[in-house]
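Below you'll find the structure, written out as structure tokens, and then a few comments.
The values are calculated or read from the model by the stated rules, or taken from the named source; none is laboratory data. In this text the structure is predicted, and so the values were computed from the model without any measurement. With ideal geometry, Cβ positions are generated from the backbone for all residues, glycine too; neighbour counts draw on all protein chains shown. The protein model used for the area step is the full one, side chains on, heavy atoms only, and it has no ligands, DNA or RNA in it. Shrake-Rupley method; radii C 1.70, N 1.55, O 1.52, S 1.80 Å.
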Amino acid sequence: MSEAVIGRPVDRVDGSLKVSGGARFAAEFHPSGAAYAVMVQSTVPNGRITRIVAGEVRKMPGVLAVLTPDNAPALPKKGRAAVNPPAGRVLSLLQDHEVHYNGQPIAVVVAEQFEQAVEAAARVKVSYAARSAKLAFEKAKAGAYKPKQLTHGKPDSSWGSAEAGLRASEARVEQVYTTPMEHHNPMELHATVAHWEGDRLTLYDATQYVSGVRETTAKALGIPAEKVRVICPFVGGGFGAKGSVWSHVILAAMAAREVGRPVKLVVTRPQMFGPVGGRPQTEQRVLLGARRDGRLALIRHEVISHTSVMEDYAEAATQPTRALYAAPNGVTTQRLVQLNVGVPTFQRAPGEATGTFAIESAMDELARELRIDPVELRLRNYPEVEPATGRRWSSNRVRECHRLAAERFGWSRRNAEPRSMRDGRWLVGWGMATATYPAHRMPATASARLLRDGSVIVQSGTQDLGTGTYTIMAQIAAETLGVPLSRVRFELGDTTMPKAPVSGGSMTAASVGPAVQNACRALRDKVMALAAGDAASPLHGQDASRMDLRDGWILVANDGGRRENVESLMDRTGAVLEARGEAAPGKEEEEYASRSFGSVFIEVRVHESLGTVRVPRIVSAYSVGRLMNARLAASQMKGGIVWGVGMALFEKSDLDEHYGRFANGNLAEYHVPVNADVGEMEVHFVDENDTVFSPLGGRGIGEIGITGVPAAIANAVWHATGRRIRDLPITLDKLL
Ligand code: MOS
């Protein structure tokens, strides 16, 4: 083995490409002759299109085509692109005249120039027979129903006995917590460039899942998957929005086929609020029953979240409740209500971001009720096994996280009384919460090729959402092969490469990493066999099983003098060596529960007369398994934490309950944190190596950062003011 490269805090290998503009994102691909497509959206939330007038529009300058439900080519499945995984999506592909939400794509205009398409799209006249729409969550609750499934697991779970739990409870907290609709807005908009060459389709698409786009597109269009190639070398943020294929992808392909030219369709910023998913609204009723000493006797969590009328998507907010605390009795339920809005979807830490707000706020309320320190309350309820299933943990270091973060934050200096700390007119509050996100793995494949110049190209059809996939895979390859990191190039984002899963659910490192490792191990064996078999090599005739590869040198164990450089071997033999590797999770999941944890401590300042909340300081510690790159890991956490600040204080999509449009569907009015909103941030990791879960020991870090932060802020706001806000976001009107 070579010296450790995995874990080293190296710079992003794609960093210079990104800052120099050399990294090409989907919308920047421009096959010659490409025309521009713009989606026309419905303006009613429910109804039927009775008439579309586009005749004059077709004569406008530059206009090449207007696709509407009147003239769009019929697709084999009536637009129902059944896909799995990651989610079956009901797409709007102009196959009928029905409107299910305001903002639904109902036509596509293609023109020579982008501006011409925008202008023409605005002139398409549509008449509707409108129907009354379901837009009020409160009213829709009467029709709440149980979904068939959550993304992972069943909608309801229970363990022990709720009655026994209630009887044993000496203290109780029962409250309702709510979180609003939100919309992910990565810097990079969704975009698709569709290019047909005969019956072959190439899509340059902004996606978290090139293989998924390929499959879904093929199914929707009724063509073989082999005819579709999807390319996506860079993603400017995904966060779950780009984990599914949305209507615009297929519409771009349909439009390109129609006009016989490549077509570029970039979703606009206002279009990010509707047809491409978002985080569901939740209403969460939590009951915690405990003994006087703080040990939980019962934990109950009932969640209602919204979905569209087209399709079920359930925000699995009960997931963390099934895992966090050692309550002997538990009940969790998930219900859905339908609204006439676009289908919601995974949004960073789906389930856990919303669920931890409720459960971790309730734990803080229970701590107050029992007069037990909030950290101590969590430590007393550490679960030796996963409560809902009884499975052992592959590794669980949540207690170490609490202790480390508490110490670095200075928690022992906290006065437990609310309104006990102030700085002039600012009330100061300290709060904390547990962070958590489950660990997932899926099968993945990779290839590794050693070129004649001694450099290595490793490929896997995975994605880099900006998280650092390029960098950590190169690190894994370099260490496994025993060559310098600078000699390895990792390539991704193309369906011609070995297949990899969706970059979602924080599972790329743990899924693709082991496949890369296996490909590189196989390649290493081939290098040694080549050396052993080459008469001109100093290693000729040596036992390959006794050889090693270190820093680019092939050598024999215990014989330092007998060695050859990989470059000279490759150059002399003229060989190109290639190997493939695959990896898949085994049966560990039946026996072990795998989950990451963390602990977040936050100081807030609340202005006593204005209600303004500031967040000057956040200290956190995480147990996420072994780190592939310490710098990128901390960077991931910081991004998630900043989003947590946004979720706590700013983010909310305001649905107009009459028209069904989002009143603040733009980045001027949909508020997210800016630099001035983020104070000091400290991110720590506890040492951990979870090889039960994954051979590389890591569990994944993409999503956990946001979790716990909204509750820690709500808890700190309570500590500052004595006011308990159970409804996100915590805006100043709720504190006045
Ligand atoms: Mo993540 S919300 O599964 O991309």
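Results for (1) surrounded by 21 or more Cβ atoms within 10 Å (Cβ to Cβ); (2) away from the ligand (no atom under 16 Å from the Cβ), shown as yes or no for each residue.
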site	(1), (2)
Gly222	no, yes
Glu226	no, yes
Pro233	no, yes
Phe239	yes, no
Ser244	yes, no
Leu251	yes, yes
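Given the condition at pLDDT 95 or above and in a helix (DSSP H, G or I), answer yes or no: does some residue in the range 649-662 qualify?
Within the range 649-662 (the criterion being at pLDDT 95 or above and in a helix (DSSP H, G or I)), the answer is yes, since at least one residue qualifies.
Pick from the range 336-389 the residues that are among the polar types (S, T, N, Q) and open to solvent by less than 10 Å² (accessible area, probe 1.4 Å): which of them is farthest from the ligand (Cβ to nearest atom)?
In this case the residue turns out to be Asn381.
Please enumerate the residues belonging to the range 1-43 that are hydrophobic (A, V, I, L, M, F, W, C), part of a loop (DSSP other than H, G, I, E, B) and open to solvent by 20 Å² or more (accessible area, probe 1.4 Å).
Met1, Ala4, Val10, Val13, Phe25, Phe29
Among the residues of the range 698-720, are any farther than 30 Å from Arg441 by Cα and assigned to a loop (DSSP other than H, G, I, E, B)?
No, the conditions are met nowhere in the range 698-720.
Only one of these is within 16 Å of the ligand (Cβ to nearest atom) and open to solvent by 10 Å² or more (accessible area, probe 1.4 Å): Gly665, Gly646, Gly639, Gly722. Name it.
Gly639
Any residue at all in the range 119-142 that's closer than 19 Å to Val276 by Cβ and either free of Cβ contacts under 8 Å to residues at least 60 places away in the same chain or not in a loop (DSSP other than H, G, I, E, B) (or both)?
Yes, the conditions are met somewhere in the range 119-142.
Select from the range 311-335 the residues that are aliphatic (A, V, I, L, M) and away from the ligand (no atom under 16 Å from the Cβ) and list them in ascending order.
Ala323, Leu324, Ala326, Ala327, Val331
From the list Thr496, Thr462, which one is of a type in the set (Val, Ile, Thr), touching a residue at least 12 places away in the same chain (Cβ under 8 Å) and within 16 Å of the ligand (Cβ to nearest atom)?
Testing whether each residue is of a type in the set (Val, Ile, Thr), touching a residue at least 12 places away in the same chain (Cβ under 8 Å) and within 16 Å of the ligand (Cβ to nearest atom) leaves just Thr462.
How about the range 439-454: which of its residues are open to solvent by 20 Å² or more (accessible area, probe 1.4 Å) and either over 23 Å from the mean Cα position of the chain (by Cα) or within 16 Å of the ligand (Cβ to nearest atom) (or both)?
Hits for the range 439-454 are His440, Arg441, Met442, Arg449, Leu451, Arg452, Asp453.
Conditions: (1) in a loop (DSSP other than H, G, I, E, B); (2) modelled with pLDDT of 95 or more; (3) in contact with a Leu (Cβ under 9 Å, 6 or more places away or on another chain). Glu417 meets all but one. Number of the miss?
Exception for Glu417: condition (3).
Sort out which residues of the range 388-402 are out of contact with any strand residue (DSSP E or B) (no Cβ under 6 Å at 6 or more places or on another chain), modelled with pLDDT under 95 and of a type outside the set (Ser, Thr, Tyr), and write them in order of number.
Gly390, the sole residue that qualifies.
Tally the residues that are touching a Phe, Trp or Tyr at 6+ places or on another chain (Cβ under 9 Å) and either away from the ligand (no atom under 16 Å from the Cβ) or not polar (S, T, N, Q) (or both), restricting the search to the range 501-512.
The number of residues fulfilling the criteria is 5.
Six or more apart or on different chains, Cβ under 6 Å: which pairs go from a residue in the range 694-709 that's farther than 17 Å from Gly351 by Cβ and of a type outside the set (A, V, I, L, M, F, W, C) to one that's within 16 Å of the ligand (Cβ to nearest atom) and open to solvent by less than 10 Å² (accessible area, probe 1.4 Å)? Could you list them?
From the range 694-709, the pairs are Ser694/Ala510; Gly698/Ala510.
Against the condition assigned to a loop (DSSP other than H, G, I, E, B) and within 22 Å of Glu170 (Cβ to Cβ), how does Ile372 come out, does it pass?
Yes; evaluated as a whole, the condition is true for this residue.
Please work out which residue is nearest to Arg392 (Cα to Cα), limiting yourself to the range 561-589 and to residues that are open to solvent by 40 Å² or more (accessible area, probe 1.4 Å) and hydrophobic (A, V, I, L, M, F, W, C).
The selected residue is Ala584.
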